[in-house]
Amino acid sequence: MLRDVLKALLNAPWSAKLGLVIIVINVTLMVFAPVLSPFPETEVVGDVWEAGFWANDCTPEGIAAYECWDEINRDREHKVLLGTDHLGRDLFTRLLYGARNTISIALVTTILSFAIGISCGFLAATLRGWVDQGLSRFVDVIMAFPTLIFALMILSVVGTSVGVLIVVIAILDATRVYRLSRAVAMDVEVMEYVEVARLRGERIWWLMRREILPNTLPPLVAEFGLRFCFVFLFLSALSFLGLGLQPPTADWGSMVKENAGAITFGIYTPLVPAAAIAILTIGVNLVVDWFLRKAAGLRDEY
Amino acid sequence: MQGLRIEGFQEERWQEIVKGVDVELDRGRVLGLIGESGAGKSTIGIASMGFCRPGCRITGGSITFDGLELTSSNDENLRQLRGVRISYVAQSAAASFNPAHRLIAQYVEAPVQHGVMDMSQAESQGKRLYKRLDLPDPENIGNRYPHQVSGGQLQRAMVAMAMACKPDLIVFDEPTTALDVTTQIEVLAAIKDAIRELNTAAIYISHDLAVVAQVSDRIMVLRYGEMVEIGDARAMIAAPREDYTRALLSVRKVREDKVHHAEEGDTLLEVRDVSASYGGPGGVPVLEDITLDLTRCNTIAVVGESGSGKSTLARAITGLLPPTKGSIVFEGKELPPSFKQRDKEMLRRLQMIYQMPDVALNPRQTVQQVLGRPLSFYFGMEGKAQRERVVELLEQIELNARYLDRFPSELSGGEKQRVCIARALAAKPDMIICDEVTSALDQLVADGILRLLQRLQNELKVSYLFITHDLATVKAISDEIVVMLNGRVVEHGPRDVILSPPYHEYTELLLASVPEMDPDWLDNLLHTRAGARLREGPISEQLT
């Protein structure tokens, strides 16, 4: 089993490998954030929007960038790798803790939305009839609202906390998962081995878990990756609008928002968390693409 | 074709499918290619057009068509050739026609595209061909869509399409395999006419030797991508040289001696005036007033063409499609119409085996899991006891403990069907419904399965309700026969009564339509029938 996985990884195209490397780096940074970061999450360490190693103050003298950074930081009490944010906190530290908060919340939300979506979708596919009709029409109603507006509405009424955030996004996302899992389960449900299990007298839980789930797994796993990206972006968008994670907790979306003003002064600070969001999203997508192709049985020569 | 080698990409590596086969075909002659599935027949057939399926490649040998080397020709040359000088008739006409266009529009496509003739010429020639191939209403049938004509008619329309440009070579890839015996005759007759008419060469691919014998001059027997035997059709049928050919030729004589048990003759299942319809009580009726009895340790065969309602009968008995009328009595107790209301014990005693073992086994479960579940579900058998029983079951179906951890994808078609049988046996049933269990298998494998089923009946005293369209199977396995047509029972009785004269009209038609190992069989049959005018359209329509 493990050998099969390793073999599949070795045979993966370079894009998938790149994506995997990105994910592994992100997860490592996320897990070891307290060890790797030079400062505590919320400590103010310097001036507002101090430059990082890219600063070109000394390039006229023709010194390499990293030497330049040493030059600038020689007199400083603390070294800031990526500069500081709008309150003078170390951007690198914030980025690591931000990864922690953003990624873990996105992951929990995606898992929750899949739990809800898959169980409802499979239930609709196996029971059919009014259960299917009821669930599907309910999902249609939720999907009729623009997701962001719907989330903003609920969050501004209920108030923002991590728990509420997770539940709201998970439910909104579960509608998409529901549609996919219902469709793939419908395909499997008509197979004769499911009929055999029904005729054996198996309960619905067995049908869903043992007969249908293993055979619908590839498209669902691929969808999991995509959904994770969407949740992650959605979370960042909410933070950007001020309804996501509340300060001083670091997260990538609000880091972009808080530092957005800097861009008018030609300071790159807000681009750093934005790039982090973009890179992780692309990385996950590369892996998911590969997985989708494998799941669909497509080959390059076709 | 000389020393043709073709490789296919399978299980992450290239495997040779065709291993150096030489084929030579003269103008106006017909070559029959015969072999089991996986023998490489279709691959060779398609290769004669200079084409191979995605995931395959031609690695050696040469294909010469009328002096032109096809393996090294460019795509443009091949395109010019295909459809005009070489054409192809696929197994499933239903899947090969574009459902969104009328038949005639698809017919004229090739001649017009290749500039052989203009639209109106092609259309009038198409109508002539439809008439020649005995399609009903040849003037207007072209205006129908593929779903508006029957399977046999569609296959004949496909033959007409292949003939449109008067090709020099037509490749027929199992054109009658998916059809009923009575429809098969119409298509075979059309193909034979077509070849005679155009004086074209043809390659006829089939796994049924009797069918190939009707149309070919020469026959080539293939196995595992290699040639076993080639020779004149008549000579081969009369005196096959190789053992393998002899095995293919041997008519099924798999009836084993029946062991008689004391319980035999007790009525196990009674079906009383059962009617069923799809789409609720007001829907289309599929079964009307079916009555039959199944006694213990006996086999009752339900025979009929597709659409006669035989599989629906199985669904009604198992409770998947609750009957609208009538009752099903099992050992004197009336069963609830839907399987949902039946208790576990009842479900256990009535098991079912399906036609396609591929979809009847969960691809993500090992043999151990497939067979273990009914044991733990019905008998609460777990752990070591369960494992031992599974091995015992595997031995009963002539497999062994090495198969325990295999997934269905690692089994051959015959082995899969055996595992399905073992799954049914695991429940220790009194009765098994076998729905076309041998139809998807090669003949030799199917014989093995039938023999196994009979042995198990002798050992385990189980009764079979055997649904099939294949009369050879019926002869081999049944004690009693029920002949069905359009949802009704036409004839019902012991095997020897049904299969000996005087026959019922429809039974006789079915029996006469089974191809025989006689190259003149088709001509003789058509000759006899021409007098009786039975050749127009599906005969079943005339009977009702």
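Here are some notes:
- Relative intensity of region B:285-423 on a log10 scale, I(q)/I(0) at q = 0.09, 0.17, 0.18 Å⁻¹, equals -0.35, -1.07, -1.14, per a Debye sum over C-alpha point scatterers of equal strength in the absence of solvent.
- Region B:137-182 and region B:58-110: distance between their alpha carbon centers, rounded to Å: 16 Å
- Counting protein heavy atoms only, chain A has 68 percent of its accessible area on carbon and sulfur, 1.4 angstrom probe.
- Exposure rank, largest accessible area first [A:Trp206, A:Trp14; 1.4 Å]: A:Trp14, A:Trp206
- Mean Cα-pair separation over length for chain A, i.e. relative contact order, pairs under 8 Å, 6 or more apart, %: 23 percent
- Averaged per residue, chain B has 43 square angstrom of accessible surface, using a 1.4 angstrom probe with ligands and nucleic acids left out.
- Accessible surface of region B:2-249 [probe 1.4 Å, protein heavy atoms]: carbon and sulfur percent: 46 percent
- Per-residue HN-Hα couplings for region B:450-466 [Karplus 6.51, -1.76, 1.60; θ = phi - 60°; Hz; x = Gly/Pro]: 4, 4, 4, 4, 5, 4, 5, 5, 5, 7, 10, 6, 9, 9, 10, 10, 10
- Only the Cβ atoms of Lys and Arg (+1) and of Asp and Glu (-1) were treated as charged; on that basis the dipole of region B:2-249 about its Cα centre amounts to roughly 380 debye.
- Where both bridge residues fall in the protein assembly as shown, DSSP classifies roughly 55% of the beta bridges as antiparallel.
- Long hydrophobic helices in chain A: the complete DSSP H runs spanning 30 Å or more by Cα along their own axis with mean Kyte-Doolittle hydropathy of at least 0.0 are A:91-127, A:162-189, A:213-240, A:271-296.
- Buried area at the B:A interface is about 2100 square angstrom, summed over both chains, from accessible surfaces computed with a 1.4 angstrom probe.
- Unpartnered cysteines - no second Cys beta carbon under 4.7 Å - across chain B: B:Cys165, B:Cys297, B:Cys420, B:Cys434
- Rolling a 1.4 Å probe across all protein chains gives B:Phe65 an accessible area of roughly 30 Å².
- Percentage of interatomic Cα-Cα distances in region B:2-249 larger than 23 Å: 50 percent
- Between 0 and 90°, nearest 10: helix B:151-163 axis offset from chain B longest Cα axis: 20 degrees
- For B:Ser463, the residues 5 or more places off, or on other chains, whose built amide H falls under 5 Å of its own are B:Cys297, B:Met431, B:Ile432.
- Helical content of the protein assembly as shown, expressed as a calculated mean residue ellipticity at 222 nm, amounts to -15000 deg cm²/dmol (DSSP H runs of 4 or more residues, -39,500 (n - 2.57) each, divided by residue number, nearest 500).
- Over region A:194-276, accessible surface divided per residue gives 40 Å², non-protein components excluded, 1.4 Å probe.
- In region A:187-201, the residues whose accessible area drops by at least 40 square angstrom when the other protein chains are added to the isolated chain are A:Glu192, A:Tyr193, A:Glu195, A:Val196, A:Arg198, A:Leu199, A:Arg200; the probe is 1.4 Å and only protein heavy atoms count.
- Residue ranking by accessible heavy-atom surface, 1.4 Å probe, largest first, among A:Glu211, B:Glu491 comes out as B:Glu491, A:Glu211.
- Legend: P(r) of the protein assembly as shown from all alpha carbon pair distances, 10 Å bins from 0, whole percents, reading 2, 10, 16, 18, 18, 14, 10, 7, 4, 2, 0, 0.
- Positive dipole terminus of chain B, leading residue within B:Ser120, B:Pro99, B:His504 (C-beta point charges): B:Pro99
- Taking 0.36 nm per residue of separation and subtracting the Cα-Cα distance, full extension of the segment from B:Asp266 to B:Arg128 would add 43.7 nm.
- Database remark: amide H of B:Ser87 closer than 5 angstrom to the amide H of B:Leu169, B:Ile170, B:Val171 (H placed geometrically; neighbours at sequence offset of 5 or more, or on other chains; Pro and chain starts carry no H).
- Kirkwood Rh in Å, taken over all unlike Cα pairs in region B:116-222: 14.4 Å
- Going from the chain on its own to the full set of protein chains, region B:356-401 has these residues losing 10 Å² or more of accessible surface (heavy atoms, 1.4 Å probe, no ligands, DNA or RNA): B:Val359, B:Ala360, B:Asn362, B:Pro363, B:Arg364, B:Gln365, B:Gln369, B:Arg373, B:Pro374, B:Phe377, B:Tyr378.
- Antiparallel content of DSSP bridges confined to region B:2-249, in %, to 5: 50 percent
- Placed amide H near B:Val228: partners under 5 Å, 5+ positions off or other chain: B:Val221, B:Leu222, B:Arg223
- Crossing angle, helix B:103-113 versus chain B [Cα axis fit, 0-90 degrees, rounded to tens]: 30 degrees
The values are calculated or read from the model by the stated rules, or taken from the named source; none is laboratory data. Everything numeric in this text was worked out from a predicted model, so none of it was measured. Virtual Cβ from ideal backbone geometry, glycine too; neighbours counted across all protein chains shown. Side chains included, ligands, DNA and RNA excluded: accessible areas come from the protein's heavy atoms. Shrake-Rupley method; radii C 1.70, N 1.55, O 1.52, S 1.80 Å.
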